[in-house]
Each structure stands twice: as structure tokens, then as C-alpha cells.
Amino acid sequence: MLTRPLFIGSEIYRRSRYGGKHPLAIPRVSAAIDLCRALGWLPDEVYIDSPTAGLEQLARFHDRGYIAAVMRAEAEQTVDDETARRYNIGRNGNPVFGEVFRRPATACGGSLRAAELLRDGGIVYSPAGGTHHGRRDRASGFCYFNDPVLAILALLDQGLQRVLYVDVDAHHGDGVEAAFVGESRVLTISVHQEDLWPRTGKVEDRGEGSARNLPVPAGLNDSELAYLVDEAVLPLAGRFRPEALVLQGGADALADDPLSGGVLSNRALWAAVAALSGIAPRLLVLGGGGYNPWSVARAWTGVWATLNRIEIPDTLPTAAEEVLRGLSWNRRYDGKLPERWFATLADPANPGPVRERVKAVAAAAIA
Ligand SMILES: [Zn+2]
């Protein structure tokens, strides 16, 4: 049993870039690590350098021909048309870049290491994980491999009978849901914006009993996320009695994110993490989407604080502020960047009315 939460990271996320204007060509994990360190929240004793998953580990879920194709893409820095078409690499937001194999394989290695560390219970945070769109034999939605699936399989391989996966990313956790259709030892719950890619995850789609979907309209506010957690996720978890929870904590439903229509504050994300953190003896928290470097770094640093029950300061000390001022974004931003992106960790709360549609989705999911 782990005596305190552990943080799995790697310097590969600092060095590697998806390239050019790709939404993921921004500092995320490295920024969160730097910010946590600047705040004194990440002593060396709790930081684990992520291993890189090898072929055999990845093949627990992924197709060997596909794994070989990603390795070859990294070695050759290009893919032929047949490979691009067959495996969806080098197109559709899944570029060939310098570490196109090692980077996602490291995210998988981190999540697999987390599953090992959680064998007897505890909390592990692996913000590089959460690549929930990856498919068995193809890349999808910026995801080459699927580390949540590998972590869940590793937990099942330890003998666990009930593993809960909760996904609060703005996008449907389609790859994880698909991997466990009909698997009675796994329950996947995805809260996502209904009109976003990949447009799957309808409320009536239940993955032969292994999935619940909570598709919500754009503009989900803090009160609505809390409502969904209290009225749907927690009741479902209570019935399932998970031995482990894998929580995908994508930051792309937050108001400052450029890719979704969310209006959530990061406080709402932290509240969801806090509400779910006690429901299983093993907790693996992952990252996920998030395409504004300041928003992601602040949100994920706050997730780590939440797991450690550290109180969030109102304003950041100079060293932490300097980390945030040192970040850059490849996106044009009209006007001046808001001062709170540098000087604070917590966003202003954004409570609001709980819309009827949100209530209906919650009711349908638990029915
Ligand atoms: Zn997303």
C-alpha cells in the first residue's frame, strides 16, 4: 500500500513536439511538473521517471503489425500511403514526428508502472496518460496507443474483478469503451460534449453493459459537472463497487481551452477528482486533452494538489509565476493573455443553472 500519492512523469514530453501548429505542440506535462516543483509540491521521493513500454507490453492490447508500423514511422520519419491509410498515421491529426513511437510508448509505460505500484492500494498520478482515443490497430484523435486500456488490463491481470474507468475529457472516451465492450469486470463512464468529435457515446450506448455515456450540451458549467458526478457517476460507482478507479482528467472541457465549448473552471475538475478519489482503494489519475498550455499546467497542478490535499493558494509565489510566464503557445491569441493565467492557479468558479438536458442525461445513465 502506497503511503502517499506518486507522480509519474518523463522529460520526453519536454523535448518532443507533435510539430508545427498541432494542438499538442505545446508544453503540458513538463509545465505541470515545473509548476508543481516551483510550488514545492513535488519532492524527489514522490516523482517517478516513466519507463517506456516495449513491444510485448503494448501487444497486450495493440496489434503487432500496428506497433511495428509506429516504430517504423519513428525510424524513417515518414510513412507510405498504405501505412497511412491502414493505421491512420501521418494524417488526421496523428502526425509522424521525432518521437512518434517513444512518446506514446512512454505514456503507456507510465500507466503500466502505475498499475504495478497500485497493486496493494494507493494513488498514482500520470498526467501524460489518458490517450483514450487510441485503437487496437490504428491511431485516432492524436492518440497512437491507449494507455488507459493497458492500465486497466494490467489491473485485471493482477486479479481484480471490478475496475471503473471515469472520463471527464470533453471528448468521448471511445477507445477505452470499445476495448471493453461486454467485459463485465470493467465499467467505463464517459462525460463528454455531445457535438464534438468523434460524436459517439450516445446515452443509449452501453457497450453490452460495460459502458455508460453522459453526452452533455456545450457550455457545461461547474454546477452541472458536480451534478453529473453526484447524481450519476457516484451512484453508478456505488453499485459497481470498484476495486480500482482509473480517472481520465482531460482539461479540454475547461473554459480557457480552445478546442471545446466548455465553460468549466478548473475548480470543477478538482472537485470531481476530490469527489471520486475515495471510492476505490486504488486510484490512477491520468491526463488527457487540454490545448491551452496555461490552462493545462494550472489544472493538472491543481489535480496533484487535490490528490495530496494541499490547499491551493490564492496567488502564486514568484517562482511558480515565472514557470507560467515562460510558457509559449503556437496559437494566435487576439488581445493580451489574461493576467490570471500567470498569477493564479484556480480559475474563478463558474456555477450556473443545471439544465434539464443535463438532468435527463444523468437520469438516463443510472436507469
Ligand atoms: Zn479531449
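The values are calculated or read from the model by the stated rules, or taken from the named source; none is laboratory data. All values derive from a computational prediction rather than experimental measurement. Glycine gets a Cβ as well: all are built from the backbone with ideal geometry, and neighbour counts include every protein chain shown. Just so you know, the surface numbers come from the protein's heavy atoms only, side chains and all, with ligands and any DNA or RNA stripped out. Shrake-Rupley method; radii C 1.70, N 1.55, O 1.52, S 1.80 Å.
Go through 273, 361, 319 and say which Cα lies farthest out towards the positive end of the charge dipole of the range 258-367; charges sit on Cβ, +1 for Lys and Arg, -1 for Asp and Glu.
Towards the positive end, the residue furthest out is 361.
Leaving out ligands, DNA and RNA, and with a 1.4 Å probe, what % of the accessible surface on the range 257-323 is carbon or sulfur?
Percent of accessible area from carbon and sulfur atoms in the range 257-323: 49.
Within the chain, what's the longest run with no GluC sites (Glu not before Pro) in a DSSP loop and at most 15 other beta-carbon atoms within 10 Å? Give the range, please.
Between the exposed loop sites, the longest stretch runs 12-203.
Can you give the charge dipole size of the range 290-367 about its Cα centre, rounded to the nearest 20 debye, using +1 on the beta carbon of Lys and Arg and -1 on the beta carbon of Asp and Glu?
Charge dipole of the range 290-367: 360 debye, to the nearest 20.
Could you tell me the distance between the Cα centroids of the range 195-243 and the range 105-182, to the nearest Å?
When both Cα centres are located, 17 Å separates them.
Which semi-axes, in whole Å and largest first, does the equivalent ellipsoid of the range 76-229 have when worked out from the alpha carbon gyration tensor as the square roots of 5 times its eigenvalues?
They are 25, 21, 15 Å, listed from largest to smallest.
Given +1 on the Cβ of Lys and Arg, -1 on the Cβ of Asp and Glu, and no further charges, what dipole in debye does the chain carry about its Cα centre, rounded to the nearest 20?
Charge dipole, the chain, about its Cα centre: 240 debye, nearest 20.
So, taking all protein chains as they sit and a 1.4 Å probe, how much accessible area belongs to residue 172, in Å² rounded to tens?
10
Calculate, for the chain, the solvent-accessible area per residue in square angstrom, rolling a 1.4 angstrom probe over the heavy atoms of the protein chains.
On a per-residue basis, the chain sits at 38 Å².
What is the Cα radius of gyration of the chain over 2.2 N^0.38 Å, N being its residue count?
0.91
Grab the other residues whose beta carbon is less than 10 angstrom from that of residue 243, score K and R as +1, D and E as -1, and report the net.
+4
Set Lys and Arg Cβ to +1 and Asp and Glu Cβ to -1, take the dipole of the chain about its Cα centre, and tell me which of 65, 22, 301 lies farthest positive.
After comparing all options, I get 65.
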